[in-house]
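Report on the following structure.
Quick note: the coordinates plus some simple rules give every number you see, no bench work behind them. If you're wondering where the values come from, they're calculated on a predicted model, not measured in any experiment. Methodologically, a virtual Cβ is constructed for each residue, glycine included, from the backbone with ideal geometry; neighbour enumeration extends over all protein chains shown.
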């Protein structure tokens, strides 16, 4: 076997040295290093040798392979260099000719705005939490005070996974909101808490310009002692002012370019902090529940077509966390209070950039995405 390897190495080096072009060199490489080569058969047969033979043949086989591999590499490098030298001496090469441009990708508008939202809330002391997109009925519904007879449990709203269930927490679903992360976070960390939960959610509904089966939400949760809706109002005013534009020294009514405006539309930049207002609303996981609107950026509450002449834009649902939800998260509602909010990140992106069809964001159409 030792003599065979030595002869194999000698023969291989001779053929490599006499190779005339890159194609013949490739054939030699397959012949001596390929899966069906003589050297490969020897190395595969090492397992059948005695321990004494393995100690001799094993290192020798590896040395033979290394020698042939190095010789092939050296020969190939020399051939390629010679080929380039010949081309330079016989062919014209314009060093000033511009190269072929490579298209560079960029971050999706949803990811851009999500990162901005996360940065703003991080500056205000909120942690970023994430959770599974496949959830149990318990975390998606019951732990959030949504009983079995609630309309949200209807098959028209929820994707149920066929033949999938958990003995303790019921059937598995594609989460319909990011609220299950609230329960999981309370269970894991207890109180006090200050977190936001951005993520993808799913709804079983017909798609049109304003509805899709897959979209993105951001939910927030703050739990501590002596918490009231006044804290929520202050946090949201600060968040929206940072997101849509700080106070500006620009003269009132002066137009700005679309790329400068908060909504991506031509109009005056806000010259004052954004204001928010509350309206009554119902959500099973908060009590009291409310809807939050913010002052229109384009007309400064004077009324325009965007805000339907009201001076206000609907934005999100919110409210004080229901005691049953606190209990489900393992927190004593007699000691702690908190508020929660949730808004559509996808809708926020559409508002910001003036996008009139939600389906464009998930279409993968590069003509649309290149605009951002």
- Message: Tell me the relative contact order for the chain as a rounded percent, counting alpha carbon contacts under 8 Å between residues six or more apart.
- Response: 14
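Using a Förster distance of 35 angstrom, determine the FRET efficiency expected from the C-beta separation of residue 63 and residue 85, and round it to 0.05.
Using R0 = 35 Å, I get an efficiency of 0.60.
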- Message: Sorting check: for 332-341, 41-50, 195-204, which peptide has the highest mean count of neighbouring beta carbons within 10 Å, and how do the rest follow?
- Response: 195-204, 332-341, 41-50
- Query: Given Cα pairs under 8 Å that are at least 6 residues apart, what percent is the relative contact order of region 2-90?
  - Reply: 37
- Query: What is the list of residues in region 1-42 whose amide nitrogen lies under 15 Å from a point 7 angstrom out from the Cα of residue 70, following Cα to Cβ?
  - Reply: 9-10, 13
- Item | Dimensions in Å of region 2-90 - Rg and Dmax from alpha carbons | 15.8, 59
- If the chain between residue 282 and residue 93 were fully extended at 0.36 nm per residue, the gain over the current Cα-Cα distance would be 60.7 nm
- Note on the structure: With N residues in region 118-249, Rg(alpha-carbon) / (2.2 N^0.38 Å) equals 1.20
- Between residue 372 and residue 48, the two model label points (7 Å from Cα along the beta-carbon direction) sit apart by a distance in nm of 6.2
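Given R₀ = 25 Å, what would the calculated FRET efficiency be for residue 188 paired with residue 128, taking r from the Cβ atoms and rounding to 0.05?
Efficiency, rounded to the nearest 0.05: 0.95.
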- Please give the calculated 222 nm ellipticity per residue for the chain, where each DSSP H segment of at least 4 residues contributes -39500 (n - 2.57) and the sum is spread over every residue; nearest 500 deg cm²/dmol? -12000 deg cm²/dmol
- Item | Cα centroid of region 103-131 to Cα centroid of region 141-189, whole Å | 26
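Pairs of Cα atoms under 8 Å, at least six residues apart: use those to get the relative contact order of region 301-372, whole percent.
Working: 47 pairs, mean separation 14.8, N = 72.
Normalised by residue count, the contact order of region 301-372 is 21 percent.
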- Quote to one decimal, in nm, the extra length available between residue 309 and residue 104 on full extension: 0.36 nm per residue of separation minus the C-alpha distance between them. 69.6 nm
- In nm, give the distance between the simple-model label positions of residue 23 and residue 38, each being 7 Å from the Cα along the Cα-to-Cβ direction. 2.5
- Note on the structure: Of the convex hull enclosing the alpha-carbon atoms of region 92-166, the direction-averaged projected area in nm² is 12.4
- Note on the structure: Using the Kirkwood formula on alpha carbons, the hydrodynamic radius of the chain in angstrom works out to 26.6
- Item | Kirkwood Rh and Cα Rg combined as Rg over Rh, evaluated for region 270-372 | 1.10
